[in-house]
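Okay, so here's the structure we're looking at.
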Amino acid sequence: MAKDLRANLPHAAADSYHTPLHSDSLGIRSDQVEEHQRLYPDVPLDRDRRPVFTSYRQHQAYLDKRGIVKQPALHQKRGKRIA
């Protein structure tokens with residue numbers, strides 16, 4: 001078995017994403033491309049018109065500018081509870 005040591009490292013908010021994040025949920029229509037490029041020049045679009053983010057900070061700034069609130073992820077507790 002191999003262990004991924006990077007999974008246990010702390011994540012800082014300013015770190016770059018390991019690979020660019022293509023957001024399906026933030027995709028836009030073809031008639032919105034020009035407006036997107038004017039308002040968000042630092043956030044490129046891929047060929048499917050999905051925004052591509054390279055860092056957490058860029059992603060969060062985009063969400064803030066658009067007024068979108070990111071819901072916290074649901075985490076399941078690990079292990080068994082022994083009472």
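Checking the condition of a type in the set (Asp, Glu) and modelled with pLDDT under 70, which residue from ASP64, ASP46, ASP4, ASP24 passes?
Answer to the selection: ASP4.
Number of residues in segment 45-61 that are within 14 Å of TYR17 (Cβ to Cβ) and touching a helix residue (DSSP H, G or I) at 6+ places or on another chain (Cβ under 9 Å): the value is 2.
Rundown of residues vs (1) part of a loop (DSSP other than H, G, I, E, B); (2) more than 16 Å from ASP24 (Cα to Cα); (3) over 15 Å from the mean Cα position of the chain (by Cα); (4) not aromatic (Phe, Trp, Tyr), yes/no style:
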| position | (1), (2), (3), (4) |
| --- | --- |
| HIS36 | no, no, yes, yes |
| ASP42 | yes, yes, no, yes |
| ARG49 | yes, no, yes, yes |
| ALA61 | no, yes, no, yes |
| ALA73 | yes, yes, no, yes |
| GLN76 | yes, yes, yes, yes |
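Checked against (1) loosely packed, with under 10 Cβ neighbours inside 10 Å; (2) among the basic types (Lys, Arg); (3) modelled with pLDDT of 95 or more, LYS80 passes all but condition (3).
The values are calculated or read from the model by the stated rules, or taken from the named source; none is laboratory data. Note that this is a predicted model, so its numbers are computed, not measured. Quick reminder, even Gly has a Cβ in these numbers, built from the backbone with ideal geometry, and neighbours come from all protein chains shown.
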